[in-house]
Each structure stands twice: as C-alpha cells, then as structure tokens.
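Data block below; observations after.
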Amino acid sequence: MNRTRLLTTMAVFVAIGTIGAQILWFPAGIAKAYPVQHAVNVMAAVMLGPAPAVIIAFMIGLLRNLLGFGTILAFPGGMIGAFLAGYLYKSFGKKIYAALGEFIGTGVLGSLFAVPLANLLMGNSVGALFFFPSFLASSGAGALIGWLIVIRLKQRSLLQNI
C-alpha cells in the first residue's frame, strides 16, 4: 500500500472512531463504553497492521480529549488493544485473534494500566476492579462489531483491495 493510500485510510479510521464515539456509546459501570473505538482497532489491525492501528487509536483518543468527550483513559485501553489486535492477527493470520487481542489488550491490560494513570493524572485512586467491567464491556462489544465487519468485508472480497 502506498503512503498516500495508507494515510488516507488511517484518516478515515480516525474520523470514524472520533465521530462514532459521539453517536454510539453506552454507560458501563463508572465509565462510558465506546465500542466504535474498539471496532476501529480491530479493523485497522487486520487491514493495516499493528503500528498504524496504534497510531489511529492514539489519534482518536487525542481528538476525543481535545473535543471534550473523552478522558485520558482512552489512551491505555485503545493503544494497548490496537497493538495486541494487530500483533495477534499478524502472528496467526486469523481475524478472531485480532478481536481477541483487542478484548484482552483493552479489557484486561488497558484496565490495569488505567489505574495508575487515573491516580496520577485524574486524582482518582479507584482500583482496577472498578475499571475492569467497564473496559471489558466496551472492548467486548467493539471487538465483536469489528470482527463481524472484517468477516463481512472478506466475504464481499473488499478486504483484498485494501
């Protein structure tokens, strides 16, 4: 994929993830769940690989924070999930591993990384047990959506063109 096409595709994913957070979210424990972010992570991991997926996750988190509808917690979950989704897909070549990587990366590892980050930057010393269900709900729903989308794209032979 040439550089222009890669950057354009990444920009589209950033736009979908940023706007999608305003459209589709649901309350999940002490946080809001943004499944579109996680669906984008899975799709970017499969279509573009781990590094672009992490950059996309970072940009979505940054834009959501700058626009006032995100928190600092968007960074650890989104970026770790995107990396693990891309890494597992690259390693095993199966789309289900991208979804699983997103779920584990965000739902488990991201929630653990969120605790010291929330304590340091938000003055909130809430334990991992409070973040865990919210991160799992958000990443689980989004990973499932992303997985279903990439399966559908593959069935329609649209994935090969990218």
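Results, tabulated for the structure shown:
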read-out: Any hit, region 35-53, residues being without any contact (Cβ under 8 Å) to a residue 12 or more places away in the chain and assigned to a loop (DSSP other than H, G, I, E, B); value: no
read-out: Candidate set from region 59-105 (those that are not small (Gly, Ala, Ser) and not in a helix (DSSP H, G or I)); member that is surrounded by the fewest Cβ atoms within 10 Å (Cβ to Cβ); value: Lys94
read-out: Failed criterion for Met122 (all others in (1) modelled with pLDDT of 80 or more; (2) more than 22 Å from Val14 (Cα to Cα); (3) not aromatic (Phe, Trp, Tyr) hold); value: (1)
read-out: Residue match in region 14-21 (condition: assigned to a helix (DSSP H, G or I), crowded, with 21+ Cβ neighbours inside 10 Å and among the hydroxyl-bearing types (Ser, Thr, Tyr)); value: yes
read-out: Close pairs (7 angstrom Cβ cut-off, 6 or more residues apart or separate chains): farther than 13 Å from Gly70 by Cα and among the hydrophobic types (A, V, I, L, M, F, W, C) in region 1-24, at pLDDT below 90 and part of a helix (DSSP H, G or I) anywhere; value: none
read-out: Phe26 vs. criteria surrounded by fewer than 18 Cβ atoms within 10 Å (Cβ to Cβ) and in contact with a strand residue (DSSP E or B) (Cβ under 6 Å, 6 or more places away or on another chain); value: yes
read-out: Qualifying positions in region 1-56 - farther than 17 Å from Ile96 by Cα and small (Gly, Ala, Ser); value: Ala11, Ala15, Gly17, Gly20, Ala21, Ala28, Gly29, Ala31, Ala33, Ala51
read-out: Some residue of region 38-54 being touching a helix residue (DSSP H, G or I) at 6+ places or on another chain (Cβ under 9 Å), of a type outside the set (Phe, Trp, Tyr) and farther than 24 Å from Leu88 by Cβ; value: no
read-out: Only one of Ala44, Ala39 that is buried (at least 24 other Cβ atoms within 10 Å of the Cβ) and within 23 Å of Phe132 (Cα to Cα); value: Ala39
read-out: Single condition Arg64 does not satisfy, out of (1) without any contact (Cβ under 8 Å) to a residue 60 or more places away in the chain; (2) under 16 Å from Ala141 (Cα atoms); (3) in contact with a helix residue (DSSP H, G or I) (Cβ under 8 Å, 6 or more places away or on another chain); value: (2)
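The values are calculated or read from the model by the stated rules, or taken from the named source; none is laboratory data. All figures in this text were calculated on a predicted structure; none of them were measured in a lab. No Cβ is skipped: glycine too gets one built from the backbone with ideal geometry, and neighbour counts run over all protein chains shown.
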